[in-house]
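Novice: Okay, handing you the structure first.
The values are calculated or read from the model by the stated rules, or taken from the named source; none is laboratory data. On a predicted model such as this, the values are computed, not experimentally measured, just so you know. Glycine gets a Cβ as well: all are built from the backbone with ideal geometry, and neighbour counts include every protein chain shown. What goes into the accessible areas is simple: the full protein's heavy atoms, side chains included, and nothing from ligands, DNA or RNA. Shrake-Rupley method; radii C 1.70, N 1.55, O 1.52, S 1.80 Å.
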Amino acid sequence: MSYSVLGEMLVAFLLIVNSSRIFFLRYERIDTLAVLSPVALFIILLQIIAWNADVISVLLLVISIISLFTNMHALVRSASRLYVDHYSPVFIIFSVIIFAGSLFMTFILVKYSPVSIKASDFNVIETKIRFKGSFAGGFTEAGYTDGTDAELYVYEPANGKSAHEIVLVGCDKRGDTESYRPYMILLANEGYTVAACDFSAQDGKWFNTIADWHIIRRLAMCISYLKDKDQFERQKDFYTFGMIREYTAMENIVSAKFGSRQFFLVSDRMSGTAAGDVMRESGGKVKGIFALDSIAEYKTPGFGCIEQTDPLLASFFGYTRDKTLFIPRYLVLKTVNVVKGGKK
């Protein structure tokens, strides 16, 4: 996620340069800087496809679209090699709005940038594997030209020495694997193989609307929760059914990759009941469960380690960006105690 900030900063910079030309370009000039507007829109669209949508990227998308329409006349004249003889009052007003909005977004990007965490700094190997398939028919590793129905993220100790148990993290849908990444890296640093999966299969829908698109699903889930928290909580049975399928699919995918090993399930908020059901039906294959939301110090249950991965959302709940990784480290400490048979 921290890498996505670089692309968003680039978009904000292009929009600033594009809109600020009203201050330094006057009459009788070829308005070539107008081309920065569609470039900025193209880059932010790629950003959303690559890193999924969040509040900042959506706002930059809106500003980029406004900028494109504002610059449409200048783009046409530039393509025709015609001079722009003047800037209209409407163009100047919108350019000022875009300029101010882009400066504000730059401030937000700097102030609320995610904490940069490299797996290699913790002697951990991070692997991402794409899969195609469905919950009904199973998942197989996807080829270069295949679509993606699931993305498995695996974190392993770099020294190759891993505990027998494989830890499967069932992310609450208000988060995704990126939201729990600091926790999983630190847990792998303790000598465990840790896996989590983002599913986007056709038979795994949560909204049955456009909100099921994987690039906007997490944002849609967060909005759904914030819009009506009680209604969201009342849907736990529905989420339990979906999470049972996800845990089961993860078990099958990971077993095919690592062979027959015991699992330890980690749950968070809406995935808690599902983890218990899966363990009871596992026939001893699941060694135990650890519920992240059972730890009082973890103040953002269901959202993951947002003090590191999404400081803007954390600020909404009253928490600040944390480079010390206190909460992920504490969750790992408690997880290891439970996995080894100790107490919370």
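Novice: Residues of the range 262-278 being without any contact (Cβ under 8 Å) to a residue 40 or more places away in the chain and either more than 14 Å from MET250 (Cβ to Cβ) or of a type in the set (D, E, K, R) (or both), which ones? Explain how you work it out, then say what you get.
Specialist: As a first pass, look at the range 262-278 and keep what is without any contact (Cβ under 8 Å) to a residue 40 or more places away in the chain: 272-273, 276-278.
Those that are without any contact (Cβ under 8 Å) to a residue 40 or more places away in the chain and either more than 14 Å from MET250 (Cβ to Cβ) or of a type in the set (D, E, K, R) (or both): GLY272, THR273, GLY276, ASP277.
Novice: Right, next: Within the range 245-261, which residues are touching a helix residue (DSSP H, G or I) at 6+ places or on another chain (Cβ under 7 Å) and either at positive phi or surrounded by 20 or more Cβ atoms within 10 Å (Cβ to Cβ) (or both)? Show your work before the answer.
Specialist: So in the range 245-261, the residues touching a helix residue (DSSP H, G or I) at 6+ places or on another chain (Cβ under 7 Å) come out as 247-248.
Once the filter is applied, which keeps residues that are touching a helix residue (DSSP H, G or I) at 6+ places or on another chain (Cβ under 7 Å) and either at positive phi or surrounded by 20 or more Cβ atoms within 10 Å (Cβ to Cβ) (or both), the range 245-261 yields only TYR247.
Novice: Suppose the filter is open to solvent by 40 Å² or more (accessible area, probe 1.4 Å), out of contact with any Asp or Glu (no Cβ under 6 Å at 6 or more places or on another chain) and over 30 Å from SER64 (Cα atoms); does LYS111 pass it?
Specialist: Numbers: open to solvent by 40 Å² or more (accessible area, probe 1.4 Å): yes; out of contact with any Asp or Glu (no Cβ under 6 Å at 6 or more places or on another chain): yes; over 30 Å from SER64 (Cα atoms): no.
Answer is no for this residue.
Novice: Ok, one more. So, of the residues in the range 283-309 that are open to solvent by 30 Å² or more (accessible area, probe 1.4 Å) and modelled with pLDDT of 95 or more, which turns out to be nearest to LEU168 (Cα to Cα)? Show your work before the answer.
Specialist: Residues of the range 283-309 that are open to solvent by 30 Å² or more (accessible area, probe 1.4 Å), as a first pass: 283-285, 287, 289, 293-294, 296-297, 299, 301, 307.
Filter once more, keeping what is modelled with pLDDT of 95 or more: 289, 293-294, 296-297, 299, 301, 307.
On the way: ILE289: 10, ASP293: 16, SER294: 17, ALA296: 22, GLU297: 22, LYS299: 22, PRO301: 17, GLU307: 22 Å.
Only one residue fits best here, namely ILE289.
Novice: Counting only residues that are surrounded by 20 or more Cβ atoms within 10 Å (Cβ to Cβ) and within 10 Å of ILE63 (Cα to Cα), how many does the range 95-104 have?
Specialist: So the first thing to find is which residues in the range 95-104 are surrounded by 20 or more Cβ atoms within 10 Å (Cβ to Cβ), and the list is 95, 98-99, 101-102.
Keeping just the survivors that are within 10 Å of ILE63 (Cα to Cα) gives 98-99, 101-102.
Here the count works out to 4.
Novice: Please verify whether LYS229 is within 22 Å of TYR153 (Cα to Cα), surrounded by fewer than 18 Cβ atoms within 10 Å (Cβ to Cβ) and of a type in the set (Lys, Arg), treating the condition exactly as stated. Before you say what the answer is, go through the steps one by one.
Specialist: On the way: within 22 Å of TYR153 (Cα to Cα): no; surrounded by fewer than 18 Cβ atoms within 10 Å (Cβ to Cβ): yes; of a type in the set (Lys, Arg): yes.
It is false that LYS229 is within 22 Å of TYR153 (Cα to Cα), surrounded by fewer than 18 Cβ atoms within 10 Å (Cβ to Cβ) and of a type in the set (Lys, Arg).
Novice: Show the residue pairs that are 6+ apart or on different chains and have beta-carbon atoms under 8 Å apart, the first residue being within the range 1-24 and open to solvent by 20 Å² or more (accessible area, probe 1.4 Å), the second being at pLDDT below 90 and part of a helix (DSSP H, G or I).
Specialist: That search, which allows pairs on different chains as well, returns VAL17/LEU33.
Novice: Out of PHE131, PHE122, report the one residue that is farther than 26 Å from LEU6 by Cα, surrounded by 12 or more Cβ atoms within 10 Å (Cβ to Cβ) and within 22 Å of the chain's Cα centre (by Cα). Please lay out each step first, then the result.
Specialist: On the way: PHE122 fails: farther than 26 Å from LEU6 by Cα.
Going through PHE131, PHE122 in turn, the sole match is PHE131.
Novice: I want to confirm something. Restricting to the range 310-344 and keeping residues that are basic (Lys, Arg) and either part of a helix (DSSP H, G or I) or within 30 Å of LEU219 (Cβ to Cβ) (or both), which single residue is farthest from the chain's Cα centre (by Cα)? Steps first, please.
Specialist: Pass one, the range 310-344, residues basic (Lys, Arg): 321, 323, 329, 334, 340, 343-344.
Those left that are additionally either part of a helix (DSSP H, G or I) or within 30 Å of LEU219 (Cβ to Cβ) (or both): 321, 323, 329, 334.
Numbers: ARG321: 16, LYS323: 18, ARG329: 20, LYS334: 25 Å.
Top of the filtered list is LYS334.
Novice: Checking the condition touching a residue at least 40 places away in the same chain (Cβ under 8 Å), part of a loop (DSSP other than H, G, I, E, B) and not aromatic (Phe, Trp, Tyr), which residue from ALA53, ALA74 passes?
Specialist: Working: ALA74 fails: part of a loop (DSSP other than H, G, I, E, B).
After applying the criteria, what remains is ALA53.
Novice: Which is under 15 Å from LEU265 (Cβ atoms) and in contact with a Lys or Arg (Cβ under 8 Å, 6 or more places away or on another chain), of ASP172, ASP176?
Specialist: Values: ASP176 fails: under 15 Å from LEU265 (Cβ atoms).
Going through ASP172, ASP176 in turn, just one is under 15 Å from LEU265 (Cβ atoms) and in contact with a Lys or Arg (Cβ under 8 Å, 6 or more places away or on another chain): ASP172.
Novice: Right, next: Kindly provide the set of residues from the range 267-291 that are in contact with a Lys or Arg (Cβ under 8 Å, 6 or more places away or on another chain), of a type in the set (A, V, I, L, M, F, W, C) and either assigned to a helix (DSSP H, G or I) or over 20 Å from ASN337 (Cβ atoms) (or both), ordered by number.
Specialist: Once the filter is applied, which keeps residues that are in contact with a Lys or Arg (Cβ under 8 Å, 6 or more places away or on another chain), of a type in the set (A, V, I, L, M, F, W, C) and either assigned to a helix (DSSP H, G or I) or over 20 Å from ASN337 (Cβ atoms) (or both), the range 267-291 yields only MET270.
Residue-wise test of (1) free of Cβ contacts under 8 Å to residues at least 24 places away in the same chain; (2) part of a helix (DSSP H, G or I).
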| position | (1), (2) |
| --- | --- |
| HIS164 | no, no |
| GLY175 | no, no |
| ILE185 | no, yes |
| VAL194 | no, no |
| CYS197 | no, no |
| ALA201 | no, no |
| LYS205 | yes, no |
| ALA211 | yes, yes |
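Novice: Separate question: Need the failing condition index for MET243 against (1) part of a loop (DSSP other than H, G, I, E, B); (2) under 21 Å from GLY304 (Cα atoms), just the number.
Specialist: That leaves (1) as the condition not met.
Novice: Looking only at the range 35-50, decide whether some residue is touching a Lys or Arg at 6+ places or on another chain (Cβ under 7 Å), open to solvent by 30 Å² or more (accessible area, probe 1.4 Å) and at pLDDT below 95.
Specialist: Within the range 35-50, the first condition is being touching a Lys or Arg at 6+ places or on another chain (Cβ under 7 Å), and the residues that meet it are none.
Looking through the range 35-50, none of the residues is touching a Lys or Arg at 6+ places or on another chain (Cβ under 7 Å), open to solvent by 30 Å² or more (accessible area, probe 1.4 Å) and at pLDDT below 95.
Residue-by-condition table, conditions (1) out of contact with any helix residue (DSSP H, G or I) (no Cβ under 8 Å at 6 or more places or on another chain); (2) of a type in the set (S, T, N, Q); (3) closer than 22 Å to PHE42 by Cβ; (4) not in a helix (DSSP H, G or I):
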site	(1), (2), (3), (4)
ILE66	no, no, yes, no
ILE97	no, no, yes, no
SER102	no, yes, yes, no
LYS132	yes, no, no, yes
THR140	yes, yes, no, yes
TYR153	no, no, no, yes
LEU168	no, no, no, yes
